[in-house]
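Peer 1: Take a look at this one; I'll ask things after.
The values are calculated or read from the model by the stated rules, or taken from the named source; none is laboratory data. Keep in mind it's a predicted model, so treat the numbers as computed, not measured. Cβ atoms come from the backbone with ideal geometry, glycine included; neighbour counts cover every protein chain shown.
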Amino acid sequence: MPTRRSFLAGLSVMAVIPALAACGSDSTDASPSTGSSGSAAAGFVAEAGAFPVTITHKYGETTLESAPKRVVCIGLTDQDALLALGLVPVGVTYWFGDKELQGIYPWATEALGDADLPELLEDADGLQIEKIAALAPDLIIGQYSGLTEQDYKTLSGIAKVVAQSGDYADYGTPWDEAALRIGTAIGKPAAAQEIIDTVKQRIADEAAAHPEFQGQTAATITPYEGLFLYGPEDPRSRLLVDLGFDLPPLITEADDSEFGVSLSSERTTDLNDIGVAVWLDLGGDKQVEKIFQGTTAYEEGRWFDLNEEDNGSYYVAHSFVTPLSLPYLLDRYVPQLVAASDGDPATEVPAEKG
């Protein structure tokens, strides 16, 4: 069974292999930043009464006595919540997309302002412990992560660590809960809740504006040794449900579908009746693509494909699902869902870019 980490970016097998091969170096050249990132942290003010605070997570509890100044993100999307709350991390973990952006994508550049870009970490071959230590963090955050207990113990020798929630599968904590936990850890729980409420209202408004989504099924799908349909605990699936769609029986009737459902290539024909198929990297498997082209869903235009070459940062935003990325994503995603869900082959799905 492929690992959960392999599927997170929604990459096809042809895209996953080079991504995993491009492992990061454990160089110890990194040194604590003294540029504007430090200045941004120095000006950060926690809410009154926010500390001390104890946060429960998968590996126990972490008590924080005061607001952190130097935060390292080992979660793949955690930087967005920090930036939204006015704290620039000193280190972020690379997931996918343009490496030169150093984990700060277009939806986050305004929040970064003129602060220094954070140090870019990689975890394809495991956490870069020495590089993390060299950044001299006082808090290490791992919410959208698969942090192991051993790594938690090792990192705890460097700084306070707030690991992922134990209430969900790894990489399965809902975006709003992750953002609130991050906000609580840095002393901004009320501000975090306000941001969350604003974004959730935007999602609710989109759902209300498009009642045609109600009663239709939709799924996010990627070719990998056949098909992989993202399950109900995946943030992309949760967003489709929040917008009013139902997940198809292929997912909901599976015995164990929290992470997702793997099917053989031949079962691509089972997508005949799906309301909307949101493909990630459909062209990564020519057999799957050819079979899908013979389905009713394809013929009626009830699908679209997202891939990094054509969609750029929008492709990345689709998988990030954070308080900062969601408005950027919805601006592009909803028009595509509207066009695909009408069942009219003559309706062209707009080509959205990031």
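Peer 1: Do we have any residue at all in the range 222-244 that's of a type in the set (Val, Ile, Thr) and in a loop (DSSP other than H, G, I, E, B)? Before the answer, list the steps.
Peer 2: If we filter the range 222-244 for residues that are of a type in the set (Val, Ile, Thr), which is where we start, we get 222, 241.
Next cut, in a loop (DSSP other than H, G, I, E, B) only: none.
No, there is no match, as no residue in the range 222-244 is of a type in the set (Val, Ile, Thr) and in a loop (DSSP other than H, G, I, E, B).
Peer 1: Can you tell me which of (1) within 30 Å of residue 273 (Cα to Cα); (2) in the same structural domain as residue 71 (by TED's automatic domain parsing) is the one residue 180 doesn't meet?
Peer 2: For residue 180, the exception is condition (1).
Peer 1: Out of all the residues in the range 120-127, is one or more among the aliphatic types (A, V, I, L, M) and touching a residue at least 60 places away in the same chain (Cβ under 8 Å)? Show your work before the answer.
Peer 2: Filtering the range 120-127 down to residues among the aliphatic types (A, V, I, L, M) leaves 120-121, 124, 127.
Cutting the leftovers down to touching a residue at least 60 places away in the same chain (Cβ under 8 Å) gives us 121, 124.
Yes, some residue in the range 120-127 is among the aliphatic types (A, V, I, L, M) and touching a residue at least 60 places away in the same chain (Cβ under 8 Å).
Peer 1: What number goes with the only condition from (1) of a type outside the set (A, V, I, L, M, F, W, C); (2) out of contact with any strand residue (DSSP E or B) (no Cβ under 7 Å at 6 or more places or on another chain); (3) within 21 Å of residue 322 (Cα to Cα); (4) surrounded by 18 or more Cβ atoms within 10 Å (Cβ to Cβ) that residue 151 does not pass?
Peer 2: Unmet condition: (3).
Peer 1: Restricting attention to the range 195-224, and to residues there that are surrounded by 13 or more Cβ atoms within 10 Å (Cβ to Cβ) and β-branched (Val, Ile, Thr), which single residue is farthest from the chain's Cα centre (by Cα)?
Peer 2: 217
Peer 1: Let me ask something else. Out of curiosity, is residue 300 without any contact (Cβ under 8 Å) to a residue 24 or more places away in the chain and over 26 Å from residue 95 (Cα atoms)? Working first, answer last.
Peer 2: Working: without any contact (Cβ under 8 Å) to a residue 24 or more places away in the chain: no; over 26 Å from residue 95 (Cα atoms): yes.
Here the answer is no, as residue 300 does not meet what is asked.
Peer 1: Of the numbered conditions (1) in contact (Cβ under 8 Å) with a residue 60 or more places away in the chain; (2) assigned to a loop (DSSP other than H, G, I, E, B); (3) within 22 Å of residue 246 (Cβ to Cβ), residue 322 fails exactly one; give the number of that condition.
Peer 2: The failed condition is (3).
Peer 1: Right, something else. Is it true that some residue in the range 300-316 is small (Gly, Ala, Ser), in contact with a His (Cβ under 8 Å, 6 or more places away or on another chain), closer than 30 Å to residue 85 by Cα and surrounded by 20 or more Cβ atoms within 10 Å (Cβ to Cβ)? It would help to see each step written out before you state the result.
Peer 2: Narrowing the range 300-316 to residues small (Gly, Ala, Ser): 301, 312-313.
Filter again for in contact with a His (Cβ under 8 Å, 6 or more places away or on another chain), leaving none.
No, that holds for no residue.
Peer 1: With respect to residue 277, determine if the residue is buried (at least 22 other Cβ atoms within 10 Å of the Cβ) and either within 25 Å of residue 214 (Cβ to Cβ) or modelled with pLDDT under 95 (or both). Please lay out each step first, then the result.
Peer 2: On the way: buried (at least 22 other Cβ atoms within 10 Å of the Cβ): yes; either within 25 Å of residue 214 (Cβ to Cβ) or modelled with pLDDT under 95 (or both): yes.
Taking the combined requirement at face value, the residue satisfies it.
Peer 1: List the pairs whose first member sits in the range 242-264 and is under 26 Å from residue 176 (Cβ atoms), whose second member is at pLDDT 95 or above and surrounded by fewer than 16 Cβ atoms within 10 Å (Cβ to Cβ), and whose Cβ atoms are under 6 Å apart, counting only residues at least 6 apart or on separate chains?
Peer 2: As it stands, the answer is 244/214, since those pairs meet every condition given.
Residues checked against (1) hydrophobic (A, V, I, L, M, F, W, C); (2) surrounded by fewer than 20 Cβ atoms within 10 Å (Cβ to Cβ); (3) over 19 Å from residue 148 (Cβ atoms); (4) not assigned by TED's automatic domain parsing to the domain that holds residue 235:
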{"residue": "81", "(1), (2), (3), (4)": "yes, no, yes, yes"}
{"residue": "98", "(1), (2), (3), (4)": "no, yes, yes, yes"}
{"residue": "117", "(1), (2), (3), (4)": "yes, yes, yes, yes"}
{"residue": "129", "(1), (2), (3), (4)": "yes, yes, no, yes"}
